[in-house]
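S.K.: Dropping a structure here in structure tokens format, bear with me for questions.
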Amino acid sequence: LPDGYTSRANVLYRMRWDWQGAQSDLARAMALDPNRSASLVNYAAVMFTLGKREPALDAVRKAVAVDPLSDTAWVALGRYSEGAGDIEEAKRAYEQSLQINPEQNWANFLLGNRLLTEGKVDEAIAHYQRAPEQFRTTGMAMAEFTRGNDAASRALLAKMETDFAVGFAYQIAQIHAWRGEKDEAFQWLDRCFPIHDAGLVR
């Protein structure tokens with residue numbers, strides 16, 4: 001079954017960092033069903049991590065074409081378009097994902113980050129508020145810092161470090177980086193590496 005190969009590839013890629021094993025499983029999944037959106041999205045993730053942007057974008061564009069109601073596929077298109085520097089396509093893809101599923105976990109967080117980068121703090125906060133707690137707290141820590149509310153930002157950062165150090169070390173590093181605290185950001189990235197935090201593959 002293609003879903004079995006896709007699921008195993010996801011584990012190999014995100015948790016074991018076995019790029020070749022993941023590619024092999026995804027090739028098998030796509031041979032069994034060339035139009036399965038989940039396989040195409042995971043293939044795009046592996047390709048983009050390996051620096052192969054065009055194959056990644058081709059796969060994820062096919063994913064949204066064959067399954068235009070997949071909010072996950074649209075998020076992936078947004079993520080890799082943004083990584084390739086096509087910001088407008090990324091924003092359109094995030095927004096399409098949210099039209100399908102207004103509570104889409106990643107779309108709210110990633111679009112919030114994009115808007116915060118553009119200085120649209122209130123719009124970013126509106127998206128962060130609809131994200132799951134860990135991503136909401138991460139986004140709000142960065143947004144409060146941008147608004148000049150250092151105490152509020154630090155309190156949210158402390159919550160992340162206390163409550164979510166396991167599983168969200170990458171997001172904690174992200175907050176420190178946004179605050180300009182480079183040494184602390186690298187300390188948290190160092191914690192990410194031995195546990196293969198999924199954020200590092202991106």
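S.K.: Pop the C-beta distance of LEU1 and HIS196 into the FRET formula with R0 = 25 Å and round what comes out to the nearest 0.05.
M.R.: On the way: r = 26 Å, r/R0 = 1.04.
That gives a FRET efficiency of 0.45.
S.K.: For GLU103 and ASP18, what is the calculated FRET efficiency with R₀ set at 45 Å and r taken between the beta-carbons, to the nearest 0.05? Please list the in-between numbers first.
M.R.: Working: r = 32 Å, r/R0 = 0.71.
E between GLU103 and ASP18, to the nearest 0.05, is 0.90.
S.K.: Scanning the chain for GluC sites (Glu not before Pro) in DSSP loops with at most 16 other Cβ atoms within 10 Å, what's the longest stretch left with none?
M.R.: 1-102
S.K.: If the only charges are +1 at each Lys and Arg Cβ and -1 at each Asp and Glu Cβ, what is the size of the charge dipole of the range 142-189 around the Cα centre, to the nearest 20 debye?
M.R.: 120
S.K.: Please identify every one of the trypsin sites (Lys or Arg not before Pro) in the range 36-114 that sits in a loop by DSSP and has no more than 15 other beta carbons within 10 Å of its own beta carbon.
M.R.: Passing sites in the range 36-114 are LYS52.
S.K.: As I understand it, the value is the acute angle between the Cα axis of helix 105-117 and the longest principal axis of the Cα atoms of the chain; what does it come to in degrees, rounded to 10?
M.R.: Taking Cα atoms only, the helix is inclined about 50 degrees.
S.K.: For the range 9-102, what relative contact order do you get, as a whole percent, if you take Cα pairs closer than 8 Å and at least 6 residues apart?
M.R.: Relative contact order here is 19 percent.
S.K.: Cut-off 12 Å, label point 7 angstrom out along Cα-to-Cβ of GLU123: give me the residues of the range 84-105 whose amide nitrogen falls inside.
M.R.: Only 88, 91-92, 95 fall inside the zone, counting backbone N under 12 Å.
S.K.: For the range 66-170, report the accessible area per residue in Å² (1.4 Å probe, heavy atoms, rounded to an integer). The partial results should precede the final answer.
M.R.: Details: 4670 Å² over 105 residues.
With the other protein chains kept in place, the range 66-170 gives 44 Å² per residue.
S.K.: Compare the Cα positions of VAL201, TYR43, ALA31 along the charge dipole of the chain (+1 at Cβ of Lys, Arg; -1 at Cβ of Asp, Glu; about the Cα centre) and return the one farthest towards the positive end.
M.R.: ALA31
S.K.: Given the -39500 (n - 2.57) contribution per DSSP H run of 4+ residues, what per-residue ellipticity at 222 nm results for the chain, rounded to the nearest 500 deg cm²/dmol?
M.R.: -23000 deg cm²/dmol
S.K.: Here's something else I'd like to know. Report in % the part of the accessible area of the range 45-202 that belongs to carbon and sulfur, leaving out ligands and nucleic acids; probe 1.4 Å. List each step's numbers first, then the result.
M.R.: Details: 3850 of 7470 Å².
Of all accessible area on the range 45-202, carbon and sulfur atoms account for 51 percent.
S.K.: Further, regarding this structure: What residues qualify as long-range amide H neighbours of LEU50, i.e. H under 5 Å apart, gap of 5 or more or another chain, H built at 1.01 Å from N?
M.R.: Hits under the 5 Å cutoff: none.
S.K.: Okay, moving on. Between 0 and 90 degrees, rounded to the nearest ten: what's the tilt of helix 37-49 against the longest Cα principal axis of the chain?
M.R.: On a 0 to 90 degree scale, this one is about 60.
S.K.: Return, for the Cα atoms of the range 1-123, the radius of gyration and Dmax in Å, separated by a comma.
M.R.: Answer for the range 1-123, Rg first and Dmax second: 14.4, 46 Å.
S.K.: While we're looking at this one, here's another question. What is the helix-to-structure angle for 53-66, meaning the angle in degrees between its Cα long axis and the longest Cα principal axis of the chain, kept from 0 to 90 and rounded to the nearest 10?
M.R.: 80
S.K.: Distance between the C-alpha centers of the range 15-58 and the range 80-149? Whole Å please.
M.R.: 25
S.K.: Further question: Expressed as a rounded percentage, what relative contact order does the chain have, with Cα pairs under 8 Å and six or more residues apart?
M.R.: 12
The values are calculated or read from the model by the stated rules, or taken from the named source; none is laboratory data. Here the structure is a predicted model, which is why all the values come from computation and not from measurement. When we count neighbours, we look across all protein chains shown, and the Cβ atoms used for this are built from the backbone with ideal geometry, even at glycine. Accessible surface areas use protein heavy atoms only, side chains included; no ligands, DNA or RNA. Shrake-Rupley method; radii C 1.70, N 1.55, O 1.52, S 1.80 Å.
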